[in-house]
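What follows is a set of notes on a single structure, which appears directly below.
The values are calculated or read from the model by the stated rules, or taken from the named source; none is laboratory data. Computed from a prediction, not measured in an experiment: that's the story for all the values here. Reconstructed Cβ throughout: ideal geometry from the backbone, glycine too, with neighbour counts over all protein chains shown.
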């Protein structure tokens with residue numbers, strides 16, 4: 001056998017080793033889900049496909065955690081993971097699932113709304129696959145995904161995506177962006193079916209209040225704010241006033257634009273009876289201006305390039321060497337959600353929703369997100 | 001249908017790259033072809 005043949009065999013063998021190492025990491029990402037601990041308040045766990053059968057067995061199906069109080073009242077739906085690279089909402093819903101107890105009414109929670117998008121990353125963004133939160137008993141890991149449905153599950157993208165039912169033309173790849181696919185299309189793509197399933201859940205369960213949790217980059221103007229459908233703007237304004245006055249949380253208000261289609265606050269507000277709001281916090285890892293993209297940036301939000309941009313007046317949030325730590329982002333969400341539900345209950349006392357044992361901003365800052373995460377059972 | 005055609009096309013690219021890998025005498029080109037076909041193989045296996 002010649003030297004060249006041996007060399008080719010060695011190179012092929014090395015490439016097989018590399019493919020096995022990389023492939024194993026990708027397969028873990030495709031198939032392994034972080035464990036969620038059902039807290040004392042969880043009375044039932046359903047599947048999103050229970051509300052639209054076509055979703056069953058697809059990568060878009062996901063768990064719906066239901067917390068029912070002993071006293072009848074209204075129903076709220078809180079969901080996150082519409083964009084799996086926006087993690088504070090995911091952690092907030094998980095904190096609800098693992099800590100809260102509903103005493104009146106019902107709260108339904110979907111932590112991983114676009115389950116498919118948790119199984120992939122975005123080419124060229126160098127996102128970590130996972131991040132860990134330190135707890136008193138060790139580290140707990142969570143997936144870090146992409147803004148768009150995994151192209152392994154939905155492909156190809158059209159050149160132009162025509163939103164249903166508005167007919168508005170959007171970017172082709174946004175057919176995989178769940179927050180452009182509401183209220184959904186039962187005969188559409190996987191992502192449109194996920195949007196339709198969530199809308200069906202709202203209709204079938206008579207959800208009165210819907211809250212969608214997001215994050216945004218510091219250079220984006222819709223940040224640290226509550227975006228509300230016009231039916232829910234009074235709740236949003238009252239909640240923002242109280243958060244500012246009583247907890248020192250500066251948060252804005254935005255009215256959902258009527259001419260931009262596909263977003264949860266617009267479409268679920270128009271096509272269901274629920275009052276719909278979306279809350280945004282600040283997540284520097286989403287900013288294209290960022291430097292090193294790693295787990296530290298996810299958790300601390302500290303970045304020298306974004307700091308420089310802040311000094312040049314290019315950001316829409318106050319930003320300094322303190323960064324945007326995950327404890328603050330989750331704390332903002334827990335307080336905002338709690339306040340929105342409280343204001344809803346005041347304005348609609350016949351649909352009151354009450355819950356307990358949920359930390360607010362100051363407590364999350366003091367004790368950290370990890371303090372409120374339970375230890376999963378060994379599996 | 002279009003997805004099936006896409007995977008067939010990926011397989012064809014892999015075959016072309018493997019053929020070029022076998023034929024070439026240049027170490028640089030061997031490494032280059034291997035780097036190029038690795039992601040195609042992972043795509044055909046639907047790993048990424």
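The residue of the stretch A:35-53 that is surrounded by the most Cβ atoms within 10 Å (Cβ to Cβ), among those that are assigned to a helix (DSSP H, G or I) and in contact with a strand residue (DSSP E or B) (Cβ under 8 Å, 6 or more places away or on another chain), is A:48.
Filtered by the rule that a residue be in contact with a strand residue (DSSP E or B) (Cβ under 8 Å, 6 or more places away or on another chain) and part of a loop (DSSP other than H, G, I, E, B), the stretch A:346-366 gives A:348, A:352, A:353, A:357.
Looking only at the stretch A:53-72, residues that are within 20 Å of the chain's Cα centre (by Cα) and closer than 16 Å to residue A:150 by Cα come to 6 in all. Among the residues of the stretch B:38-48, those identified as touching a helix residue (DSSP H, G or I) at 6+ places or on another chain (Cβ under 8 Å) and facing another protein chain (nearest Cβ under 8 Å) are B:38, B:41, B:42, B:45, B:47, B:48. The sole residue among A:6, A:20 that is loosely packed, with under 11 Cβ neighbours inside 10 Å, away from chain B (no Cβ under 11 Å) and part of a helix (DSSP H, G or I) is A:6. When residue A:11 is tested against (1) away from chain B (no Cβ under 14 Å); (2) more than 22 Å from residue A:119 (Cβ to Cβ); (3) in a helix (DSSP H, G or I); (4) touching a helix residue (DSSP H, G or I) at 6+ places or on another chain (Cβ under 7 Å), exactly one condition is not met: (1). Please determine, by comparing only the residues of the stretch B:12-29 that are surrounded by 14 or more Cβ atoms within 10 Å (Cβ to Cβ) and within 14 Å of residue B:43 (Cβ to Cβ), which one is farthest from the other protein chains (Cβ to nearest Cβ). In this case the residue turns out to be B:13.
Does residue A:377 qualify as being surrounded by fewer than 16 Cβ atoms within 10 Å (Cβ to Cβ) and either at positive phi or modelled with pLDDT under 95 (or both)? The answer is yes for residue A:377.
Of the numbered conditions (1) closer than 26 Å to residue A:286 by Cα; (2) part of a helix (DSSP H, G or I); (3) in contact with a helix residue (DSSP H, G or I) (Cβ under 6 Å, 6 or more places away or on another chain), residue A:182 satisfies every one except a single condition; which is it? Of everything listed in (1) closer than 26 Å to residue A:286 by Cα; (2) part of a helix (DSSP H, G or I); (3) in contact with a helix residue (DSSP H, G or I) (Cβ under 6 Å, 6 or more places away or on another chain), residue A:182 misses just condition (2).
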